[in-house]
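**Student:** There's a structure below that I have some questions on.
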Amino acid sequence: YSGADLVVVNTCGFIDSAVEESLAAIGEALSENGKVIVTGCLGARKNADGSDLIQSIHPKVLAVTGPHATQEVMQAIHLHLPRPHDPFTDLLPPIGVKLTPKHYAYLKISEGCNHRCTFCIIPSMRGDLVSRPIGEVLLEAKKLFESGVKELLVVSQDTSAYGVDIQYRTGFWD
């Protein structure tokens, strides 16, 4: 952390052990670097009084965002670190940034969940089920294959519910 200009901690807010690990990572980053932005599901959690959970535990955090908040995270980064004048710093590879070994990749097919199980906070943090269009999913799978991926791990909060929100919509691929 000490060599970084700023640390972004991506958190999990669902599993107690992951929450503890996320909070510990935030504390460690704060003590070693001092400039920390928090994102992810834990960022969406609130205390019983509605106040921000992370800010109440780690008040020196520069910013807190929820999941899928890329623009908010980038705004927070550029607020605390002046944007370099190099136009190439914003370019990403066509497939994005892959954080897995070359032979496999995660392929997200939907986001959220329509069930309201009393033990689960996913719907309150991720919202209702939103399936990605099949053409978009298959196009991403094709690009991953072309980049050398041999195994796709299909993921979502409720994989078995894929498509129930779009039912009979067309828009197939090839």
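Each reported figure results from applying straightforward, stated rules to the coordinates on display, with no laboratory input. Remember, predicted model here, so these are calculated numbers, not experimental data. All Cβ positions, even for glycine, are placed from backbone atoms using ideal geometry, and neighbour counts span all protein chains on display.
**Student:** What list do you get for Val19, Val61 if you sort them by fewest beta carbons within 10 Å? If you can, show how the numbers build up before the last one.
**Tutor:** Values: Val19 17, Val61 20.
Listing Val19, Val61 from fewest to most nearby Cβ atoms yields Val19, Val61.
**Student:** Of Lys35/Lys142; Lys60/Lys143; Lys46/Lys98, which ones are farther than 32 Å apart at the Cα? Numbers along the way, then the final one.
**Tutor:** Values: Lys35/Lys142 38 Å; Lys60/Lys143 41 Å; Lys46/Lys98 30 Å.
Result: Lys35/Lys142; Lys60/Lys143 exceed 32 Å.
**Student:** Specify, per residue and in Å³, the volume enclosed by the convex hull of the alpha carbon atoms belonging to the chain. Numbers along the way, then the final one.
**Tutor:** Numbers: hull volume 27.7 nm³, N = 174.
In the chain, the Cα convex hull volume per residue is 159 Å³.
**Student:** Mind checking the full-extension length gain between Asn10 and Gln71? Use 0.36 nm per residue of separation minus the Cα-Cα distance, one decimal, nm.
**Tutor:** Numbers: separation 61, 0.36 × 61 = 21.96 nm, distance 1.43 nm.
In short, 20.5 nm is gained.
**Student:** Semi-axes of the equivalent ellipsoid for region 7-89, please: Cα gyration tensor eigenvalues, times 5, square-rooted, ordered largest first, whole Å.
**Tutor:** After diagonalising the Cα gyration tensor, the semi-axes are 23, 14, 12 Å.
**Student:** Just add up the charged neighbours of Glu151: K/R +1, D/E -1, any other residue whose Cβ is under 14 Å from the Cβ of Glu151.
**Tutor:** Values: positive: Lys98, Lys102, Lys150; negative: none.
Neighbour charge sum, excluding Glu151 itself: +3.
**Student:** With axes computed from alpha carbons, what is the tilt in degrees of helix 70-80 against the longest principal axis of the chain, rounded to the nearest 10 within 0 to 90?
**Tutor:** Roughly 20 degrees between the two axes.
**Student:** Further, regarding this structure: Suppose R0 equals 25 Å. What FRET efficiency, 1/(1 + (r/R0)^6) with r the Cβ-Cβ distance, do Ser124 and Ala24 give to the nearest 0.05?
**Tutor:** Working: r = 24 Å, r/R0 = 0.95.
Once the sixth-power term is evaluated, E becomes 0.55.
**Student:** Where does each of Leu139, Leu23 land when they are ranked from fewest to most other beta-carbon atoms within 10 angstrom? Intermediate results must be reported in sequence, preceding the final value.
**Tutor:** Working: Leu139 13, Leu23 18.
The most exposed by this proxy come first: Leu139, Leu23.
**Student:** Would you kindly enumerate the cysteines in the chain that have no other Cys beta-carbon under 4.7 Å from their beta-carbon?
**Tutor:** So far as the 4.7 Å Cβ criterion goes, Cys12, Cys41, Cys113 stand without a partner in the chain.
**Student:** Per-residue ellipticity at 222 nm for the chain, helices alone: DSSP H runs ≥ 4 residues times -39500 (n - 2.57), over residue total, nearest 500 deg cm²/dmol?
**Tutor:** Details: 5 runs with 51 residues, N = 174.
Calculated mean residue ellipticity at 222 nm is -8500 deg cm²/dmol.
**Student:** In degrees from 0 to 90, rounded to the nearest 10, what is the angle of the helix 16-32 Cα long axis to the longest principal axis of the chain?
**Tutor:** Relative to the chain, helix 16-32 is tipped by roughly 50 degrees.
**Student:** Using a 10 Å cut-off around each Cβ, can you sort Asp165, Asp52 from fewest to most neighbouring Cβ atoms?
**Tutor:** Asp165, Asp52
**Student:** Follow-up. For the chain, set up a GNM with springs between Cα atoms under 10 Å and report which of Asn33, Asn47, Asn114 has the largest fluctuation.
**Tutor:** Answer for the Gaussian network model of the chain: Asn47.
**Student:** For region 126-166, divide the Cα radius of gyration by the Kirkwood radius and give the resulting Rg/Rh value with two decimals.
**Tutor:** Values: Rg = 11.7 Å, Rh = 11.5 Å.
Taking Rh as the inverse mean 1/r over Cα pairs, Rg/Rh reads 1.02.
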